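**Q** For reference, the structure I am asking about is given below.
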Amino acid sequence: MAGERERGGRDRGPREERDSEFVDKLVHINRVAKVVKGGKRFGFAALVVIGDQKGRVGFGHGKAREVPEAIRKATESAKRNLTRVALREGRTLHHDIAGRHGAGRVYLRAAPAGTGIIAGGPMRAVFETLGIQDVVAKSIGSSNPYNMVRATFDALKHQDSPRSVAARRNLKVSTLQSRRVGGDAELVAE
């Protein structure tokens, strides 16, 4: 697997660190060349998404001359900016949301149990490390992995849980939930 990374390939599976509760996924490696007097000097930039699969997730960017060092820097950066996302039943989103960053736009939709993760590469890495099992996502605009990951994080940042909405409106969560169930029942009855 280390040889695959050095050639600039993708890491498909989650790479679990020992004595850590986090799972990290390598989303993208970019090789850049600087032309100098003696030829070209290569550098590598890595984009890594890290999460505990229980609602905490973060991403990081690292640059170095060697691929493993770039990945290590990106992982450290991701650990520094972890965010918590409220999940419904620990498996999906509470509601549909849109996010954007630059020219990258993403739409995330909550899905019923058994749907799975229907999303493109960079977004899939975010959902798998976050611990979401059922979601439907679509990326529109930029397919740049950096913009897609940042747009996904922008959408997740605007995710509201019933608990936070109830606190904001000075209501009980059960009151909100009963209204939601009642509203759905009325639609079915019609």
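The values are calculated or read from the model by the stated rules, or taken from the named source; none is laboratory data. Keep in mind it's a predicted model, so treat the numbers as computed, not measured. Every residue, glycine among them, receives a Cβ derived from its backbone with ideal geometry; neighbour counts consider all protein chains shown. Each accessible area value is taken on the protein alone, full model and side chains, heavy atoms only, with ligands, DNA and RNA left out. Shrake-Rupley method; radii C 1.70, N 1.55, O 1.52, S 1.80 Å.
**Q** Being among the aliphatic types (A, V, I, L, M), over 18 Å from the mean Cα position of the chain (by Cα) and open to solvent by less than 50 Å² (accessible area, probe 1.4 Å) is the filter here, so list the residues in region 149-169 that pass it.
**A** Val165, Ala166
**Q** Restricting attention to region 76-97, does a residue exist that is more than 23 Å from Val48 (Cβ to Cβ) and in contact with a helix residue (DSSP H, G or I) (Cβ under 6 Å, 6 or more places away or on another chain)?
**A** Checked against the condition, which is being more than 23 Å from Val48 (Cβ to Cβ) and in contact with a helix residue (DSSP H, G or I) (Cβ under 6 Å, 6 or more places away or on another chain), region 76-97 yields at least one hit.
**Q** Checking the condition modelled with pLDDT of 95 or more and either surrounded by 13 or more Cβ atoms within 10 Å (Cβ to Cβ) or farther than 27 Å from Leu130 by Cα (or both), which residue from Gly43, Gly55 passes?
**A** Gly43
**Q** What single numbered condition from (1) open to solvent by 20 Å² or more (accessible area, probe 1.4 Å); (2) within 30 Å of Ala33 (Cα to Cα) fails to hold for Gly114?
**A** Exception for Gly114: condition (2).
**Q** Still on this structure, please answer the following. Name the pairs whose Cβ atoms lie under 8 Å apart, with the first residue in region 145-157 and in contact (Cβ under 8 Å) with a residue 60 or more places away in the chain, the second open to solvent by 30 Å² or more (accessible area, probe 1.4 Å) and in a helix (DSSP H, G or I), and 6 or more positions between them or separate chains?
**A** Listed by first residue and then by second, the contacts come to Pro145/Gly121.
**Q** Still on this structure, please answer the following. In region 21-40, which residue that is among the basic types (Lys, Arg) and surrounded by fewer than 11 Cβ atoms within 10 Å (Cβ to Cβ) is nearest to Lys54 (Cα to Cα)?
**A** Lys34
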